[in-house]
Each structure stands twice: as C-alpha cells, then as structure tokens.
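Note sheet for the following structure.
We did not get these values from a lab; they are worked out from the coordinates using the rules stated. None of these values were measured; they are calculated from a predicted model. Counting neighbours? That spans all protein chains shown, and the Cβs are built from the backbone with ideal geometry, glycine included.
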Amino acid sequence: MSTVLIIFCVLAAITLATAFLTIFSRNPIHSAIYLVICFFSIAGHYLLLNAQFLAIVHVIVYSGAIMILFLFTIMLMNLNEEREVHRPRITRVGAIVSFCLICLVLIAIFINSKPIVGEYVTTGEDYQSIKVLGKILLNEYMVPFEFVSILLLVAMIGTVLLSKKEKLQK
C-alpha cells in the first residue's frame, strides 16, 4: 500500500471515531474537543487533496472561530447533567431505527451509483490562488457570505440573551 493510502485510512478512522465521540459524549466540553480533533483530521484530508489554502482556512475558521463560539456558548449557558431532561426509551429506539434506515439508504445509493464518464472541461483558472478565490467569494458569492456573518451574529446575540434571561429568573 502506498503512503498516501495509509495516511488517508488513518485520517478517515480518526475522523469517524471523533465524529461518533462528539455525538455520544455526555460532557459538552468533551464533545467540543472531539469536534476540534475531527476538524483537524478533515483539514488533513484537504492536504491530501493538495488544497493547502482550503486546509488552512478550514483550521482557522472552523477549528478556531466556530469552536471558540461553541465553547463560549456551552460555558455561557452552563449546561449541567442534573438539569438535562432524560429521553424515554421509545425516543432512543426511534432515533436508532432512523439512523439505521438512513445508513441503509446511503449504502444502497453508493452501491448503485455509477461514475460519470465524459470529458472534463477545464477553464484554466487556478482555484488554489488566493486572488482567484477572493474574487469569486467577494463577487459571485458576496450575498451568501454576508448572510452567514449575519447568521453567526444573531446566534451569538441569542445565546447572550438566553443566558441573561436565565440569570434574571434566578
């Protein structure tokens, strides 16, 4: 086996393991840490695809800014297990059945999929270039880019208001 394949398999195993640990961890801080590890392993996948700029931006944006926001939200809301509502068994069973059905559908799609055969048209532009990426982001995708920033701002304001409302009620 080649070195790239071994690195890919190790990164894939780390990504899947930390993704499952993120979901199944009871401690929200541990979940956030597992998510950071998952983000770093995904950045490793980008490096394997020779997309260095995308890997660095992924680490800066997701592992840096977004995870700091998550940790800030978790610590601000002061989530405790004592106040956590325990779900009935039927809800857990329903979630497991839904998860298994979705997995079966995805496996069936992957098995029945056929590769696209045809000409690969290239425009000649180097999308690794920061200059080209900047032009595309700030010209063609300016509105979605601004919507995301507004969405993050509203989420942060909502978190602060929820935490202040809880402290005022005590």
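Mind giving me the nanometre distance, one decimal, between the label points for Ile109 and His30, set 7 Å out from Cα along Cα→Cβ?
Going by the 7 Å Cα→Cβ label model, 3.2 nm.
Efficiency by 1/(1 + (r/R0)^6): what FRET value for Ile136 and Ile74, r their Cβ-Cβ distance, R0 = 25 Å, to the nearest 0.05?
0.15
Which residue, Thr159, Thr91, Thr22, tops the fluctuation ranking in a GNM of the chain built on C-alpha contacts under 10 Å?
Thr91
Using the eigenvalues of the Cα gyration tensor, what equivalent ellipsoid semi-axes result for the chain when each is taken as the square root of five times the eigenvalue, whole Å, largest first?
The answer is 34, 26, 17 Å, longest axis first.
Where in segment 27-57 is the amide nitrogen less than 16 Å from a point lying 7 Å along the Cα-to-Cβ axis of Arg92?
Counting backbone N atoms under 16 Å from the label point, the list is 27.
For the chain, what's the relative contact order in percent, using C-alpha pairs closer than 8 Å and at least 6 residues apart?
18 percent
Considering only Ile116, Ile33, Ile68, give the residue with the highest GNM mean-square fluctuation for the chain, with springs between Cα atoms whenever their separation is below 10 Å.
Sorting by GNM fluctuation, first place goes to Ile116.
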